[in-house]
Amino acid sequence: MEITGGRNSLRPTDEEIAFLKDRAKFCRLETIRLIEIAKVGHYTSVFSAAELFSALYYDAMDLRRGEPKWEDRDRFMMGKGHAAVGLFPLLADLDFIDRDVLDGYTRLGNPLGDHPDMTKVPGIDFSSGSIGHALSAGCGMALAGRMLGKDFYTYVMIGDGELQEGQVWEAALFGAHNGLGKLIGIIDRNGYQLDGSVDDIIGVEPIVEKWQAFGWETHVVDGHDVAAVATLLRTLKADRERTRPVMIIAETVKGKGVSYMETEPGWHLGYLDPSDAARAIAEIEAMEI
Amino acid sequence: MNKPLSDKSWQYRQLNAVTPGLDALSDALIELVAAGEPIVAGTADLQYSNGLAKFHALHPDRFVQFGISEQNMVSAAAGMAAVGMKPYVATFASFLALLCCEQIRMDVAYSKLPVRLIGHHAGISLGFYGTSHHATEDLAIMRSIANLTVIAPADGNQLKEVIKAANDYPHPIYIRIQRGRDPEVYAQRQPFTIGKAISHYSGTDLMIIATGSTVHPALEATRALRAAGASVGFLDMATVKPIDRDAILDAAGQSPRILTVEEHNVLGGLGGAVAEVLASEGLPVKLTRHGIYDEYSLIAPPTHLYAHYELDAKGIEARATRLLEGRA
């Protein structure tokens, strides 16, 4: 199936939903395959975001297959750059990078590392790795887009732990003050960061009220319900006159799809021996969401 | 009652009028907008301090007020550059180079985005505002960031030419300027080449190399020394990175002594850059690095500080004289 991008109705068809689910599964399975090459990686940060990636790259975003530099494309960046391993397979699937580049993930000279690098990887719209910068960069892109008379949207995914960074709140003020209606933020609210539960470390609630108080339009969605995510993103894009930036709080499960990862925060970073990888793959293959 | 009684009174928003030199930055950017360039200028609540208020008034649609959020400003400028604009963002050098160091490294330099970072009120030019507002580390920090070019223009005319030369320069640039009160070094605008030192005098006794704010006083000192009979040469090393290696080798070939002068810690800035070239070439030159000697400056009006630290013309002349007499 081709990238839909058609958005003939606000709710995707059953066929489109099946396709988006399939691409989320592809994202998870490829993540396991690539991390086997590196022998360490961020499985669970991808698994919480897989449906979000799928809905963005195969439905919401205006992209042209094989044209990563198309200047009117929608932009995407993420503060949680460590989930890039799940994004690279999608970029290959969209012919932004060669598929065989994936096979050399993290190896000497390969452009693909643990974090996304815009100078090395076609299709990466902004580099990341130091948490907290992305929403600011997204503000700059959205504002420049308006100054240049462009119609593209800028999507910025940030982690919930990332909300602990002060710069995020500088960007929150700035985005609202400048009425950046084509800026769509997505918080992957999976509840965990490296050292444990976000709420135990430095609590970030109430998230919705905070963003509302900062002047953003907020939406809460089940981040694993790909139909709901796609519907929300289509709905947001249907209003091209919006004058406030949007923050979507996507409620997700860190490690979604692999039972023991869902219950153990230590899997933020790890490695699956091939025997465990086979079991994880079986669980993902059997996923019904 | 609603107005000050004296016309010598002034308030912050009148800084441009009080300090016409502040117009240089805006004027240079206004020229580029007139030439059709996708320029955007931003600042972090300092539009009167850096004179961008003038640009703002003329091009409100190309001006971005970031408020007191310097890190957001630098990252957002990178985002703007990533979609085709040419952003200039300005704040005090102390905040830009130190507070935003990581945003500069990650979002601007590492990402190779053509952002122009204007660090103004550099060195100890904020005098009694204190250490928080002094930038005596910025050259060292910015110089160590890969992909980043570092330029310190000597006056408003050179700044305008630097900005003109920067327009199609593909790399990000840190431009270190003062507070708009710089005495004129270059009466006429002359084309600026990034990476090329400007030779004013040759000398067989001593070569003085200065950058930015110290060019004017060091040049005056050079003239005084020459008038007294010493053969003293002078180089304006406006581009601190990439440093003009050939000019330094040429200076070392002329004179057995080199004196670098900068409004910066003697560690890691212009003096450090010159030392690296001389040492790597194994040249037997006596190098003296003059500046702030790895300490925090006292609090005082700037001119008092320059006198105290021998960074005014008289002080530089005295420092050079001691060097020529073999005293230090």
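Listing for the model above:
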{"read-out": "Residues (in contact (Cβ under 8 Å) with a residue 24 or more places away in the chain and on the phi < 0 side of the Ramachandran plot) located in the stretch B:265-275", "value": "B:265, B:266, B:267, B:269, B:270, B:272, B:273, B:274"}
{"read-out": "Count - residues of the stretch A:99-127 that are within 8 Å of another protein chain (Cβ to nearest Cβ), among the hydroxyl-bearing types (Ser, Thr, Tyr) and touching a strand residue (DSSP E or B) at 6+ places or on another chain (Cβ under 9 Å)", "value": "1"}
{"read-out": "Every residue from the stretch A:130-158 that is among the small types (Gly, Ala, Ser), assigned to a loop (DSSP other than H, G, I, E, B) and either touching a residue at least 60 places away in the same chain (Cβ under 8 Å) or more than 7 Å from chain B (Cβ to nearest Cβ) (or both)", "value": "A:132, A:149"}
{"read-out": "Residue tally, condition among the hydrophobic types (A, V, I, L, M, F, W, C) and in a helix (DSSP H, G or I), over the stretch A:196-210", "value": "4"}
{"read-out": "Candidate set from the stretch A:6-39 (those that are open to solvent by less than 40 Å² (accessible area, probe 1.4 Å) and without any contact (Cβ under 8 Å) to a residue 60 or more places away in the chain); member that is farthest from the chain's Cα centre (by Cα)", "value": "A:19"}
{"read-out": "Filtered residue count, the stretch A:159-184, keeping only those that are among the polar types (S, T, N, Q), within 17 Å of residue A:126 (Cβ to Cβ) and more than 9 Å from every other protein chain (Cβ to nearest Cβ)", "value": "0"}
{"read-out": "Helices (runs of 4 or more DSSP H) within the stretch B:1-115 that include 3 or more residues over 19 Å from the mean Cα position of the chain (by Cα) and either modelled with pLDDT of 95 or more or facing chain A (nearest Cβ under 8 Å) (or both)", "value": "B:23-34, B:52-58, B:70-82"}
{"read-out": "Search result, residues across the stretch B:139-166 that are touching a Leu at 6+ places or on another chain (Cβ under 7 Å), farther than 20 Å from residue B:37 by Cα and open to solvent by less than 20 Å² (accessible area, probe 1.4 Å)", "value": "B:139, B:142, B:150, B:153"}
{"read-out": "Whichever residue in the stretch B:229-248 is part of a helix (DSSP H, G or I) and in contact with a helix residue (DSSP H, G or I) (Cβ under 6 Å, 6 or more places away or on another chain) and, among such residues, is surrounded by the most Cβ atoms within 10 Å (Cβ to Cβ)", "value": "B:248"}
{"read-out": "Verdict on residue B:169 being modelled with pLDDT of 95 or more, under 22 Å from residue B:39 (Cα atoms) and hydroxyl-bearing (Ser, Thr, Tyr)", "value": "yes"}
{"read-out": "Residues of the stretch B:197-223 satisfying the condition of being in a loop (DSSP other than H, G, I, E, B) and surrounded by 16 or more Cβ atoms within 10 Å (Cβ to Cβ)", "value": "B:197, B:203, B:205, B:211"}
{"read-out": "Selection from the stretch A:47-79 of residues that are in a loop (DSSP other than H, G, I, E, B) and open to solvent by less than 10 Å² (accessible area, probe 1.4 Å)", "value": "A:48, A:49, A:61, A:74, A:79"}
{"read-out": "Selected residue [open to solvent by less than 30 Å² (accessible area, probe 1.4 Å), more than 21 Å from residue B:79 (Cα to Cα) and not hydroxyl-bearing (Ser, Thr, Tyr)] from A:161, A:185", "value": "A:161"}
{"read-out": "Those residues of the stretch B:109-140 which are of a type in the set (Val, Ile, Thr), within 19 Å of residue B:239 (Cβ to Cβ) and touching a residue at least 60 places away in the same chain (Cβ under 8 Å), in sequence order", "value": "B:118"}
{"read-out": "Residue satisfying condition, being within 21 Å of residue A:135 (Cβ to Cβ) and in a helix (DSSP H, G or I), within set A:87, A:91", "value": "A:87"}
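The rows are residues; the columns are (1) over 30 Å from residue B:129 (Cβ atoms); (2) surrounded by 20 or more Cβ atoms within 10 Å (Cβ to Cβ); (3) not hydroxyl-bearing (Ser, Thr, Tyr).
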residue: B:250; (1), (2), (3): yes, no, yes
residue: B:254; (1), (2), (3): yes, no, yes
residue: B:257; (1), (2), (3): yes, yes, yes
residue: B:286; (1), (2), (3): yes, no, yes
residue: B:302; (1), (2), (3): no, yes, yes
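The values are calculated or read from the model by the stated rules, or taken from the named source; none is laboratory data. This one's a predicted model, so the numbers in the text were calculated from it and none came from an experiment. Because the Cβ atoms are built from the backbone with ideal geometry, glycine has one as well, and the counts that use them run over all protein chains shown. Protein only, heavy atoms only, side chains kept; ligands, DNA and RNA dropped before computing areas. Shrake-Rupley method; radii C 1.70, N 1.55, O 1.52, S 1.80 Å.
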